[in-house]
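Each value in this text was obtained by applying a stated rule to the coordinates, not by laboratory testing. Note that the structure is a prediction, hence the values are computed from the model and not measured. Positions of Cβ are backbone-derived with ideal geometry, glycine not excepted, and every protein chain shown enters the neighbour counts.
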Amino acid sequence: MKICLIAPTYLPARRANTIQVMKMAQAMAVLGHEVLVTVPGKHHGRSAPTWDELSHHYGLRHPFKIEWLPERFWLRRYDYGYRAVHHARKHDADLIYTRLPQSAGLASSLGISTVYEIHDFPSGRGVRILFKLFLQGSGARRLVLITRSLRDDLARWLDSLPSTPFTIIAPDGVDLARYADVPSSSDARSTLSIPERFTVGYTGHLYLGRGAEMILSMAARLPEIIFLLVGGDPDDVDRVQAEAENTGLNNVILTGFIPNAELPRYQAACDILLMPYQQRVAASSGGNIARYLSPMKVFEYLACGRPIISSDLPVLQETLNQNNAILLPPDDVDAWVKAIQELQTDPSRREALAHQARMEAQKYSWEARAERILEGL
């Protein structure tokens with residue numbers, strides 16, 4: 001098929017939604033589809049990023065076509081959504097795939113075959129109208145939701161949702177090829193110049209609710225262990241770094257942003273990987289996504305083959321269980337410290353969790369996700 005994937009935000013960026021869009025585009029291309037990604041915004045006199053730059057930033061290995069379309073910021077992507085739909089028609093696309101409500105509502109209303117993927121409950125009157133326009137339009141082909149929790153809340157809001165195969169639940173995924181030969185923890189630490197000590201890690205943004213404060217509390221209780229925090233916007237990194245310094249911690253390493261292509265090595269450098277999400281989790285927009293999140297790090301952690309300690313939020317238990325992770329209350333520092341200490345002294349338990357994680361990761365490749373979403377279209 002000729003697929004036009006309409007990106008919801010500019011590229012390149014450090015937001016998780018841009019990584020997800022690019023991984024899905026690659027997966028569709030790997031499956032043999034002709035993929036065109038449209039992106040909002042111009043480059044203000046600079047040339048567009050090269051494929052090499054984008055592939056390093058997003059960890060891509062299979063090329064596809066990308067085009068930037070103009071937008072006016074004050075129009076809140078309505079002009080871009082309109083342009084992108086007509087751009088897809090101009091290129092005779094068989095299918096529009098998007099997370100942008102402006103494009104999903106318009107394309108479906110025009111009778112263009114459309115797949116709409118949603119990661120959060122529609123908020124605001126305009127977005128809710130666009131969502132209903134998508135569902136009512138003759139072009140609606142599939143609604144993709146990332147968690148059962150999101151499906152259940154949407155069904156209650158609308159009284160019901162179209163059943164499978166129109167509505168499907170598809171958690172995020174992982175690029176398994178990039179985790180095929182991860183080095184041992186010791187070897188990875190050596191290449192990254194990380195001291196050779198037992199290391200506990202976290203990768204991702206440091207927005208409020210992601211658990212950075214919990215990690216600093218653990219680090220204070222476990223001074224012999226290194227805590228490696230990979231990622232984060234500069235302001236958030238500075239905030240966490242200042243907190244660590246103010247409490248006299250010298251066993252915390254913050255790297256700041258790391259391109260996606262290099263991320264597996266940093267995850268591999270850890271003996272344990274943490275996911276201490278709190279009851280309220282901020283997104284890049286500032287909203288609370290704790291009820292619906294499907295973090296890409298879940299699937300990366302699984303594929304990396306390291307034991308996982310995670311908050312026991314119900315939405316995370318749609319993927320994690322007591323066989324592939326240790327699940328703990330998000331605010332119980334004592335329980336997290338105890339779990340780390342027990343794993344540190346029990347290599348056989350670490351290996352059992354790591355083995356099960358690697359096995360489960362095989363279900364979550366981006367290609368398998370794309371194939372399931374596009375099946376029958």
task = Output the Cα-based Rg and Dmax of region 176-363 in Å, rounding Rg to one decimal and Dmax to a whole number.
result = 15.1, 43
remark   = Percent of all Cα-Cα pairs per 10 Å bin for region 2-170, counting from 0 up to the last occupied bin, reads 10, 39, 36, 13, 1
inquiry  = With an 8 Å Cα cut-off and a minimum separation of 6 or more residues, compute the relative contact order for region 256-377 in percent.
reply    = 25 percent
message = Give me the dipole magnitude in Debye, nearest 20, for the chain about the Cα centre, with unit charges on the beta carbon: positive for Lys and Arg, negative for Asp and Glu.
response = 1360 debye
note = Mean separation of Cα contacts under 8 Å (at least 6 apart) over the residue count of the chain, i.e. the relative contact order in percent, is 15 percent
request  = Would you mind working out the magnitude of the charge dipole of region 2-170 relative to its Cα centre, with +1 at each Lys and Arg C-beta and -1 at each Asp and Glu C-beta, to the nearest 20 Debye?
outcome  = 300 debye
remark   = Expressed in µm² per second, the diffusion coefficient of region 184-232 from the Stokes-Einstein equation, with Rh the Kirkwood radius over alpha carbon pairs, at 20 °C and 1.002 mPa s, is 184 µm²/s
query = So what does log10 I(q)/I(0) come out to for the chain at q = 0.14 Å⁻¹, using the Debye formula with one equal point on every Cα and no solvent?
reply = -1.22
remark   = With -39,500 (n - 2.57) per DSSP H segment of 4 or more residues and division by the full residue count of the chain, the 222 nm estimate, nearest 500 deg cm²/dmol, is -12000 deg cm²/dmol
query = Quick one: net charge of ALA303's neighbours, Cβ under 14 Å, K/R +1, D/E -1?
reply = +2
request  = Give the whole-number value, in cubic angstrom per residue, of the convex hull volume spanned by the C-alpha atoms of region 14-89.
outcome  = 101 Å³
inquiry  = From the alpha carbon gyration tensor of region 174-257, can you work out the equivalent ellipsoid semi-axes (sqrt of 5 times each eigenvalue) and give them in Å, largest to smallest?
reply    = 23, 17, 11
query = Which length gain, in nm to one decimal place, applies between ARG89 and GLU196 when the Cα-Cα distance is subtracted from 0.36 nm times their residue separation?
reply = 32.9 nm
inquiry  = Cross-link candidates for LYS90: which lysines have Cα within less than 25 Å, leaving aside residues fewer than 8 places away along the same chain?
reply    = LYS2, LYS23, LYS42, LYS65
